[in-house]
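Undergrad: Take this structure first; my questions come after.
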Amino acid sequence: MKLLVAVKRVIDFNVKPRVKMDGSGVDLANVKMSMNPFDEIAVEEAIRLKEKGIATEIVAVSIGPAKAQETLRTALAMGADRAILVQTDDEVEPLAVAKILARIAEEEQPGLFILGKQAIDDDSNQVGQMLAALLGWPQGTFASKVEALGDKVHVTREVDGGLETVALSTPAVVTTDLRLNEPRYASLPNIMKAKSKPLAMKSPADFGVETAPRLEVLKVTEPPKRQAGDKVGSVDELIGKLKTLGVVA
Amino acid sequence: MKTLVLVEHAGGAIKDATLAAITAASKLGEVHLLVAGKGIDGIAQSASKIAGVGKVHVADDAHLEHQLAEDVAPVAAQLMGHHDAFLAPATTFGKNIAPRVAALLDVMQISEIMSVEGEDTFTRPIYAGNAIATVRSRDAKKVITVRGTAFEKAAREGGSGTVEAVDAGSATGKSGFVSAEMSKSERPELTSAKIIVSGGRAFGSSDQFHSLLDPLADKLGAAVGASRAAVDAGYAPNDYQVGQTGKIVAPELYIAIGISGAIQHLAGMKDAKTIVAINKDEEAPIFQIADIGLVGDLFKIVPELTGKL
């Protein structure tokens, strides 16, 4: 089967985001950008399904600025076969992202569409579920295990009380959680090879999707800061303090 | 405004996170509930007693037993024909279903709200809680998930809502429940515990993690949490993880032991009332937000603390 994987270019996981002085957002000028960590896990899972002989082709898709080509090249260097960039400089909200991805899914007809469970910039955790709803497909969200069994895909999900396994008929949407796999690093030869893999350029208008935001961001502020307290020198002192605060009897 | 709150329940009881979502809904208007499942008369009765609840819509059918998103979302979307806002707790249950409802309604969801600023304006955390966005929704109907620690819990008693059966729809047949492996514990749940003791990778092994932390937790009547590093290393199961991508907690007392304090962990626990950090590295970032810090060897400190409490 064919696999589609969605990847987003976001602030690097190790960079501490700084809120702009004018409260208009987070400052991304001259900040290191990388593939969203959950999306790296999605790409890795697709490659593993291909290595097991379950998948035949992997298409990586991104929606974002021209520089998101770099993110797609990373996916290609990891092992994706071709890529599609839906280029726009506008901020595209999860609902519009899901609509564009749904159109691409209708064109490409994949067996599975694998996405990260959330992007570490807007932390919405919506696109996979919305995409599944728009296509009328089943969904396996927050996956820690994906297994093809006969004509079904079994997805083990990380839920609040532990783990839950669901059986999905294909085509289906899977969103990845942290412990699904550990993504590989692209080797230098594969990075070189990725440069000649096909990357198609599209625009939201090609899919007839309106990307004007539905949520207006009025302001972005820093959260209230916590002050460091005191250090104590011993367990007895610690217990004394906790008793004074009344948090232990 | 009429709101519809999706009730999260398991094992015959309504989860606390639902009560916080009800409080958020009450700031918008009239509160109606949706309870979905199989054989849920008891849950529906409990739901109708929650303070401030008007109507309880009950979708009771065999195919809703495991409350799969594919089957629950259409029931909610149908009811949204005569409601203005849909709210669900921002738990793995709510996060699984709410965006599906939003897409069916062609609404852009507002995830994990921390406050209600007006009928269409809310605050929500972005960038792992490193920034707070104030957003205004332009959609006619709202779909919202609610951060449980940001709102008071509605009282479980005092309400007198009416219970009404609704069309439960039919199974899509595209997804099915296979199995669940739920952690069994006598301890309180992480997201509602008053005290949490939480361990990091410094414990070195699963045996040491449990043999040191479990007795301390039992002494304090506390829940046990873990950093992502400890969960990734296999010392603790996934449902112990506290942090931006794990559970968001706000207990009275949070004791972080052998946890350095990565941004994504702090995002999950910095709303605790009192934070205690125990770490051998005095430069660990966790000390920058801890109310009480103790520098030293956890393998000596934890048994001593357990013994003396």
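Undergrad: Just to verify a result, which residue in the stretch A:168-182, among those that are surrounded by fewer than 21 Cβ atoms within 10 Å (Cβ to Cβ) and outside any helix (DSSP H, G or I), is farthest from the other protein chains (Cβ to nearest Cβ)? Before you say what the answer is, go through the steps one by one.
TA: Let us first name the residues in the stretch A:168-182 that are surrounded by fewer than 21 Cβ atoms within 10 Å (Cβ to Cβ), namely A:169-170, A:179, A:181-182.
Right, trim to outside any helix (DSSP H, G or I) and you get A:169-170, A:181-182.
On the way: A:Ser169: 5, A:Thr170: 9, A:Asn181: 12, A:Glu182: 9 Å.
Only one residue fits best here, namely A:Asn181.
Undergrad: Among B:Ala102, B:Ala10, which is modelled with pLDDT under 95 and hydrophobic (A, V, I, L, M, F, W, C)?
TA: Details: B:Ala102 fails: modelled with pLDDT under 95.
Among B:Ala102, B:Ala10, only B:Ala10 is modelled with pLDDT under 95 and hydrophobic (A, V, I, L, M, F, W, C).
Undergrad: Residue under question is A:Ala6, and the condition is that it be at pLDDT 95 or above and either buried (at least 21 other Cβ atoms within 10 Å of the Cβ) or on the phi < 0 side of the Ramachandran plot (or both); does it hold?
TA: Yes, satisfied.
Undergrad: Which of the residues belonging to the stretch A:81-109 are surrounded by 24 or more Cβ atoms within 10 Å (Cβ to Cβ), more than 9 Å from chain B (Cβ to nearest Cβ) and out of contact with any Ser or Thr (no Cβ under 9 Å at 6 or more places or on another chain)?
TA: Within the stretch A:81-109, A:Leu101 is the sole residue that qualifies.
Undergrad: Which condition breaks for A:Leu149 when tested against (1) modelled with pLDDT of 95 or more; (2) loosely packed, with under 15 Cβ neighbours inside 10 Å; (3) closer than 16 Å to B:Phe177 by Cβ?
TA: The number of the failed condition is (1).
Undergrad: Turning to a different aspect of this structure: Yes or no: A:Lys145 more than 8 Å from every other protein chain (Cβ to nearest Cβ) and in a helix (DSSP H, G or I)? Break it down stepwise before answering.
TA: Numbers: more than 8 Å from every other protein chain (Cβ to nearest Cβ): yes; in a helix (DSSP H, G or I): no.
Considered against the rule, which asks whether it is more than 8 Å from every other protein chain (Cβ to nearest Cβ) and in a helix (DSSP H, G or I), A:Lys145 comes out as no.
Undergrad: Additional query: Quick one: in the stretch B:181-216, of everything that is among the charged types (D, E, K, R) and assigned to a helix (DSSP H, G or I), which residue is surrounded by the most Cβ atoms within 10 Å (Cβ to Cβ)? Please lay out each step first, then the result.
TA: Within the stretch B:181-216, the first condition is being among the charged types (D, E, K, R), and the residues that meet it are B:181, B:184, B:186-187, B:189, B:194, B:201, B:207, B:214.
Keeping just the survivors that are assigned to a helix (DSSP H, G or I) gives B:201, B:207, B:214.
Numbers: B:Arg201: 18, B:Asp207: 10, B:Asp214: 15.
The selected residue is B:Arg201.
Undergrad: Let me ask another. For A:Asp123, only one of the following conditions fails: (1) more than 8 Å from every other protein chain (Cβ to nearest Cβ); (2) in contact with a strand residue (DSSP E or B) (Cβ under 7 Å, 6 or more places away or on another chain); (3) acidic (Asp, Glu). What is its number?
TA: Just one mismatch for A:Asp123, condition (1).
Undergrad: If you go through the stretch B:151-159 one residue at a time, do you hit one that is within 24 Å of the chain's Cα centre (by Cα) and either within 10 Å of chain A (Cβ to nearest Cβ) or closer than 30 Å to A:Ser24 by Cβ (or both)? Spell out the reasoning first.
TA: Of the stretch B:151-159, the ones within 24 Å of the chain's Cα centre (by Cα) are B:151-159.
In the following step, the residues that additionally are either within 10 Å of chain A (Cβ to nearest Cβ) or closer than 30 Å to A:Ser24 by Cβ (or both) were identified as B:151.
Yes; the residues of the stretch B:151-159 include at least one that is within 24 Å of the chain's Cα centre (by Cα) and either within 10 Å of chain A (Cβ to nearest Cβ) or closer than 30 Å to A:Ser24 by Cβ (or both).
Undergrad: Hey, can you tell me all the residues within the stretch B:1-34 that are free of Cβ contacts under 8 Å to residues at least 12 places away in the same chain and either hydroxyl-bearing (Ser, Thr, Tyr) or on the phi < 0 side of the Ramachandran plot (or both)? Walk me through it before giving the result.
TA: Step one: of the stretch B:1-34, the residues free of Cβ contacts under 8 Å to residues at least 12 places away in the same chain are B:10-11.
Of everything in the stretch B:1-34, just one residue is free of Cβ contacts under 8 Å to residues at least 12 places away in the same chain and either hydroxyl-bearing (Ser, Thr, Tyr) or on the phi < 0 side of the Ramachandran plot (or both), namely B:Ala10.
Undergrad: Further, regarding this structure: Checking the condition surrounded by fewer than 20 Cβ atoms within 10 Å (Cβ to Cβ) and over 19 Å from A:Gln129 (Cα atoms), which residue from B:Ala25, B:Ala13, B:Ala21 passes? Break it down stepwise before answering.
TA: On the way: B:Ala25 fails: surrounded by fewer than 20 Cβ atoms within 10 Å (Cβ to Cβ); B:Ala21 fails: surrounded by fewer than 20 Cβ atoms within 10 Å (Cβ to Cβ).
Among B:Ala25, B:Ala13, B:Ala21, only B:Ala13 is surrounded by fewer than 20 Cβ atoms within 10 Å (Cβ to Cβ) and over 19 Å from A:Gln129 (Cα atoms).
Undergrad: Would you mind listing the strands (runs of 3 or more DSSP E) fully within the stretch B:62-121 where at least 1 residues are closer than 22 Å to B:Ser137 by Cβ and facing chain A (nearest Cβ under 8 Å)? Please lay out each step first, then the result.
TA: Working: elements: B:85-89, B:110-113, B:115-118.
Counting at least 1 such residues, we get B:110-113.
The values are calculated or read from the model by the stated rules, or taken from the named source; none is laboratory data. Since this is a predicted model, take the numbers as computed values, not measurements. Every residue, glycine as well, gets a Cβ built from its backbone with ideal geometry; the counts of neighbours run over all protein chains shown.
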